[in-house]
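Presented below is the structure to which this report refers.
The values are calculated or read from the model by the stated rules, or taken from the named source; none is laboratory data. For clarity, every value in this text was computed on a predicted model and none was experimentally measured. Because the Cβ atoms are built from the backbone with ideal geometry, glycine has one as well, and the counts that use them run over all protein chains shown. Surface accessibility is based on the protein's heavy atoms, side chains included, excluding ligands, DNA and RNA. Shrake-Rupley method; radii C 1.70, N 1.55, O 1.52, S 1.80 Å.
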Number of protein chains: 2
Amino acid sequence: MLLVSSPDGTLDVRLSVESGEARYAVARFGRDVIAPSRLGLVLREGSLASGLVLDGHERRSADETWTTVWGESDTVRDRHEELAVALRQEASGRLLRVVFRVFDDGVGFRYEIPEQGGLTDLEITDERTQFAFVEDAAAWWIGAYQKNRYEYLYRRSPLSELGVVHTPLTLETEDGLCLSVHEAALTDFAAMTLVRTEGTTLKADLVPWAAGTKVKARAPVTSPWRTVQVADGPGGLITSRLILNLNEPCRLEDTSWIRPGKYVGIWWEMHLGKSTWGSGERHGATTANALRYLDFAARHGLDGVLVEGWNLGWDGDWYRDGSGFDFTAPHPDFDLEEVARHARDVGVSLIGHHETGADVANYERQMEDAFALCERLGIHAVKTGYVGNDPEVVGPDGGPGEWHHGQFMVRHYRRVVEEAARHRVMLDVHEPVKDTGIRRTWPNMMTREGARGQEYNAWSPDGGNPPEHETILPFTRGLAGPFDFTPGIFDLLFEEQRPENRVNTTIVKQLALYVVLYSPLQMAADLPESYEARPELFRFVEDVPTDWSETVVPHARIGDYVTIARRVRGGDDWWVGSVTDENGRVLEMPLGFLDGGRRYVARIWRDGPDADWNERPYDHEIEERLVDAGTVLTLRLAPGGGQAIRLTPAGADDVRRPEGGR
Amino acid sequence: MLLVSSPDGTLDVRLSVESGEARYAVARFGRDVIAPSRLGLVLREGSLASGLVLDGHERRSADETWTTVWGESDTVRDRHEELAVALRQEASGRLLRVVFRVFDDGVGFRYEIPEQGGLTDLEITDERTQFAFVEDAAAWWIGAYQKNRYEYLYRRSPLSELGVVHTPLTLETEDGLCLSVHEAALTDFAAMTLVRTEGTTLKADLVPWAAGTKVKARAPVTSPWRTVQVADGPGGLITSRLILNLNEPCRLEDTSWIRPGKYVGIWWEMHLGKSTWGSGERHGATTANALRYLDFAARHGLDGVLVEGWNLGWDGDWYRDGSGFDFTAPHPDFDLEEVARHARDVGVSLIGHHETGADVANYERQMEDAFALCERLGIHAVKTGYVGNDPEVVGPDGGPGEWHHGQFMVRHYRRVVEEAARHRVMLDVHEPVKDTGIRRTWPNMMTREGARGQEYNAWSPDGGNPPEHETILPFTRGLAGPFDFTPGIFDLLFEEQRPENRVNTTIVKQLALYVVLYSPLQMAADLPESYEARPELFRFVEDVPTDWSETVVPHARIGDYVTIARRVRGGDDWWVGSVTDENGRVLEMPLGFLDGGRRYVARIWRDGPDADWNERPYDHEIEERLVDAGTVLTLRLAPGGGQAIRLTPAGADDVRRPEGGR
């Protein structure tokens, strides 16, 4: 048995090879969290999961701190112990390596199939990795292999009742231990889903190609990292940077063109049914409308304007057949050159839009020209889209049938990232494969969807996102990486357009989401007129950053409430967002995250005394007070509500005394 | 229907009288927590629970801040809205008042039977109060009507499966709402237990007299306050002062003689079987032994020395028949005058001991003389005891049969408090009735037992207190008031005396308990030689205060872990205790409770890297570092372990820079 302990000794991994089978186990403070669990791959060319013997091992310690291009923190410490194990199959002589990295906050491991005689082009037909959890736990999950990809409400069930689920899978034991099972650095492999095989044991379930196999590869092959993050409480999952640490360093030499920011767009009006993506009287992407949004963004200091429906291909059933999309041909209503020129004139970035209708073949044919056009016009960000039922991605052979999260699409998404980078374009991918931290390597991979976003509030027949939705997202989807949720709807009821739908939050909760749900490209999703009607609330959206130096989590209870505080990158201001589910909350928040030696002005946007998402969602108050690191703020969140706070170091002329708050 | 809202609107109480029955309901943020629940009393003279009509009501607002003589905080804000309702029984014309006080952190209500014709001497045979909780919850409880009074391990079950339980009863809903049901100001009434009548509905169940009735009274009668505290998270229950606010102000004019402090005693050696309470070779309470303890206390700055077994009556089955106890006659081995003189000489307080064997009649006969003797000898604190199976209290008629928590004993305990106060004696009551906050009114009522304390580790055949015990106590027994748990055992294994028993914690956890489990009289429970063997750890016990200005709860998870930070009364030092159950924990603690403008030296006693309650309980480290309110400390608690910290403002000459810790 081989043992590797995390740097401070909190976590141990044990690796054993017995009766030809390799197993690992994970213990915390000496007590098993994951019981001995199988390792191994099955190839079409033969199994690499049985008949194994240990053929040597290496150890390595790492402790380095690296700088992010953007993100939730400016630096990340990567401190781990590594154990690389060589396994040999006695009968065939074939080699398989498993590399473990053990951090204090979790474990990652991956498979490597070295170059070796008799194994060049190969196919992986199954991965045997198990996660045999020692005890049952509450699990927050969305099902895999469903029509709408990742766009489902998270459900809570006992781990012991799961079926097949996506990752990140979030677990909380009776005892308060929180775990997240996910993967890191998925770049040329099938995505891993998890299937429960018995009791509380999960097994890796690789998403297949339409043709049935799981992974096609040429040796040497390196799998993504299988990851298990572990923390005492859900907040520790949010502040863990294990997934990023297991990705490769940045490949781009010049990242000066990569700029987080906020954007508005011709988008929500289509979701409300006020305008359309396709041609006609109500076509949203007209030159005039685009200029209006650009001027609005310029007036309010927002960075970008997204225009959807700007190109040819939207008329007809594009989500069933996306082959009509032309990524360089604007709709006649839309003078792309004129709009791009105006964007440059007013100093706002035009954000391109490439909806593919999941016809990847059609997109790949045009992709290079499309990004070249962006580059020529000064378009430095593109939102891509892959609307289409799963598994109906149109592959290179013209036929539908690939999954959004099979190897075929993983490769495609990766090609897009690289092509975009060549043309200095940042990406916001909708209907993506899940995030596994490749933003570290390709920091133009800014944000993505891959969850049920705000637009469901506009039209979903199930009543939209319930108030608890945004209290679950930071602990589930949010652990994968940035999420383009599109917060900031101010007209919560849109009774004119869709009287039967609404946003199920207070208006203050919409502000808090800018801090709670991290995205380096953050949308102000509502219509310009909704914002101009409420300038005192819009001020928060105008000013809130999208790039941070530090992130802390003062309150965390999955599905109930969460408070996140972040310090702006390169500055001293702190921003706080706190949100609750359908229940009101009174939460004490010591401001110990502030610099101990300074005083701050706290500007507080909070739910009014009678606010309630259902009955009085607009009721709010704005207050300013002087505080310091010793102040305790009482956050009173209305049912379905939230609170948003900006903390700015006080000027020397501000002689008020900080209030203790207790 | 009458409505009364808490000052900030978080809680509402609705009062209705329909079909002759009075009901109240409690809502939080507009959502019911307690559904309409019956109110009313049943008298032998007739029911006051049905046939009622509303006969008027009064409202009153209060907002005052009062100063504690000692406690967890120096001042307490009492801010509530009061609604007093007059009910009249139509048939009999009898009157019953119900007074509600609605705070932001909970609700209290009590019954008043005014003086009225035809009702002078009366008997209450039942209380109809219900608590109809709207949803099920996890409940932490001990059963009522058990042999060993309150001395049981707390159990966790669904509220919907409870039987008859003691209060405080602690509940936590699926959604994280925490509640404590208890009573305040129990001074001449039967204690209230709770019986589940159906589903999630509890009913007040008054502890009877041996003769069967519940309460004997003469109008006007005022019941104790029935209380429900409500908080988002268990920490808010600990910082709530609702129980104290519902007690009467201090009755003592001069409180200068009331002094919190720490004590050692001739006590643990008897529990270990090293010496005996009764006569013989191993008699513990000898003059020489008492002088040894006094000298030890003087040397280490401890305030008091308790001597148990000093008087006559210990030989024989005193716990079956306590009538032999003489509270003024020392055992021949024990020169009381000499010991008391030496105590005065070395400046240490002798603490008296009155074990009654639950023979209350015998004690009441001698009580006045006993306290007069204390006063003459300069003994300002007495530990009383009522060992005896429930219900075997010997009452005035000489026969056993009263419950420790029936009205008979409530009256007795109260008489002792008053008699002690007359002689300037502070009380530490073992085998008490539960605490309901009367320490506000009688601040010589310092601390009490009423739970399963440290001594069970010495001899309990069930293996002693499990590691989770002390992570439950602050959220259950601790909500009632101070608890003389007797922490600080340093010789955890006492293999010589009792090899089959042990203390199930690390040694550092024993330190942390001084902060976590509040008591104004706090014992250093182990033998002097155990402390002198470990001076670097004993230093914490020597220095930790027992009286506080502020209390905050950085981490709270019932039965899993808890961290409490307290600022010393009238000073600037903060003290932190953190304890965990059988699982190791890594907890982030921002020091935002510190004064924002200062730097502090943190002296940290923590579990060593390999510590474990079971295998390496003595492994520990002591560290000093400079911190400020902006520092985040990472508390690494071993399985069954803890951490203890003292934070002292740094001197002007301390030029080290505070470490951020993140």
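Around the amide H of residue B:132, modelled in the peptide plane, lie the amide H atoms of B:35, B:202, all under 5 Å away and 5 or more residues distant in sequence or on another chain. As a fraction of the 1.4 Å probe accessible area of the protein assembly as shown, surface on carbon and sulfur atoms comes out at 45 percent. For the residues of A:21-31, the average number of beta carbons from a partner chain within 10 Å of their own beta carbon is 3. In terms of its C-alpha gyration tensor, the stretch B:193-249 comes out oblate, because a/c is 1.5 or above while a/b does not outweigh b/c. Equivalent ellipsoid of the stretch A:474-540: semi-axes from √(5λ) of the C-alpha gyration tensor, largest first, are 22, 15, 10 Å. Shortest first, residue B:299 label-point distances to identical copies amount to 8.2 nm, with the label point at 7 Å from Cα along Cα→Cβ.
Label-to-label distance, residue B:252 versus residue A:534, with points set 7 angstrom from Cα along the beta-carbon direction: 5.6 nm. Here's how it looks for residue A:559: its modeled amide H is under 5 Å from those of A:472, which are all 5 or more places away or on a different chain. Cα centroid separation, the stretch A:125-147 to the stretch B:325-353: 68 Å. Using a 7 Å projection from Cα along Cα-to-Cβ, the label point at residue A:188 is separated from the same position in the remaining copies by 8.9 nm, smallest value first. For residue A:465, the residues whose amide H sits under 5 Å from its own are A:457, A:504, ignoring neighbours fewer than 5 places away on the same chain, with H placed 1.01 Å from N.
Assuming charge only on the beta carbon of Lys and Arg (+1) and of Asp and Glu (-1), the dipole of the protein assembly as shown about its Cα centre is about 520 debye to the nearest 20. Model label sites at residue A:625 and residue B:337, defined 7 Å from Cα along the beta-carbon direction, differ in position by 6.3 nm. The interface between chain B and chain A buries about 3000 Å² of solvent-accessible area in total (1.4 Å probe, ligands and nucleic acids excluded). Quick one: net charge around residue A:509, please, counting Lys, Arg +1 and Asp, Glu -1 for every other residue with C-beta under 9 Å from its C-beta. Result for the neighbourhood of residue A:509: -2. Legend: residues in the stretch B:547-581 shielded by at least 40 square angstrom of accessible surface upon adding the remaining protein chains to the isolated chain (1.4 Å probe, heavy atoms) are B:557. Across every pair of non-identical alpha carbons in the stretch A:6-138, the mean reciprocal distance, once inverted, gives a Kirkwood radius of 16.3 Å.
How much net charge surrounds residue B:437 when only other residues with a Cβ under 11 Å from its Cβ are counted (Lys, Arg +1; Asp, Glu -1)? Residues near residue B:437 contribute +1 overall.
Just to confirm the numbers: residue A:624, label point 7 angstrom along the Cα-Cβ line, distances to the other copies in nm, shortest first? Values, ascending and in nm: 4.4. Taking all protein chains together and a 1.4 Å probe, the residues A:431, B:615, B:21 rank B:615, B:21, A:431 from largest to smallest accessible area. Measuring only protein heavy atoms, the 1.4 Å probe finds residue B:268 accessible over about 0 Å².
Toward the positive end of the charge dipole of the protein assembly as shown, with +1 on the Cβ of Lys and Arg and -1 on the Cβ of Asp and Glu, the farthest Cα among B:164, A:122, A:246 is that of A:246.
Taking chain A, how many lysine pairs are there with alpha carbons less than 16 Å apart, if each pair must be eight or more places apart or span two chains? Don't skip to the answer; put the middle values down first.
Working: A:147/A:434; A:203/A:214; A:262/A:383; A:383/A:434.
Summing the qualifying lysine pairs gives 4.
Report, in whole Å, the centroid distance computed from the Cα atoms of the stretch A:553-580 and the stretch B:501-553. Taking the Cα centre of each part, the stretch A:553-580 and the stretch B:501-553 sit 36 Å apart. Rounded to the nearest 20 debye, the dipole magnitude of the stretch A:1-128 is 380 debye, with +1 charges on Lys and Arg beta carbons, -1 on Asp and Glu beta carbons, and the Cα centre as origin. A simple rule links phi to the HN-Hα coupling: the Karplus curve 6.51 cos²θ - 1.76 cosθ + 1.60 with θ = phi - 60°, which for the stretch A:483-495 gives 9, 7, 5, 6, x, x, 7, 9, 8, 6, 10, 5, 5 Hz, with x for Gly and Pro.
If R0 is 25 Å, what FRET efficiency do you get for residue A:62 and residue A:218 from their C-beta distance, rounded to 0.05? Efficiency, from the Cβ-Cβ distance: 0.30. In sequence order, the stretch A:598-609 has phi-based couplings of 10, 9, 10, 8, 9, 9, 10, 9, 9, 4, x, x Hz under the Karplus curve 6.51 cos²θ - 1.76 cosθ + 1.60, θ = phi - 60°, and Gly or Pro positions carry x.
How much length would be gained if the chain were fully extended between residue B:652 and residue B:74, taking 0.36 nm per residue of separation minus their Cα-Cα distance, in nm to one decimal?
205.3 nm
Computed about the Cα centre, the dipole magnitude for chain B is approximately 1320 debye when only Lys and Arg (+1) and Asp and Glu (-1) carry charge, each at its Cβ. The label-point distance for residue A:614 and residue A:329, in a model that sets each label 7 Å from Cα toward Cβ, rounds to 5.2 nm.
When Rg and the Kirkwood radius Rh are both evaluated on Cα atoms of the stretch A:423-481, their ratio Rg/Rh stands at 1.05.
Taking every Cα-Cα distance in the stretch A:131-243 and sorting them into 10 Å bins starting at zero, the pair-distance distribution P(r) comes out as 13, 43, 34, 10, 1 percent. Separation of the stretch B:425-467 and the stretch B:399-414, taken as the distance between their Cα centroids, equals 17 angstrom. For chain B, with equal point scatterers placed on the C-alpha atoms only and solvent neglected, what are the log10 I(q)/I(0) values from the Debye formula at q = 0.10, 0.12 1/Å, to two decimals? Taking Cα atoms of chain B as identical point scatterers yields -0.93, -1.32.
Using a probe of 1.4 Å, the accessible surface attributed to residue A:505 totals some 0 Å² when neighbouring protein chains are kept in position. Accessible surface ranking for B:32, B:547, A:435, 1.4 angstrom probe, highest first: B:32, B:547, A:435. Since only B:370, B:479, B:276 are under comparison, the one whose Cα sits farthest along the positive direction of the charge dipole of chain B, derived from C-beta charges on Lys, Arg, Asp and Glu, is B:479. Counting only other chain Cβ atoms within 10 Å of each residue's Cβ, the peptide A:40-52 averages 0.
If one computes P(r) from the Cα atoms of the protein assembly as shown, what percent of pairs lie at distances over 65 Å?
16
Accessible area per residue for the protein assembly as shown is 33 Å², calculated with a 1.4 Å probe on protein heavy atoms, without ligands, DNA or RNA. Two numbers describe the Cα atoms of the stretch A:217-355: Rg and Dmax, which are 20.5, 57 Å.
For the residues of A:591-603, the average number of beta carbons from a partner chain within 10 Å of their own beta carbon is 5.
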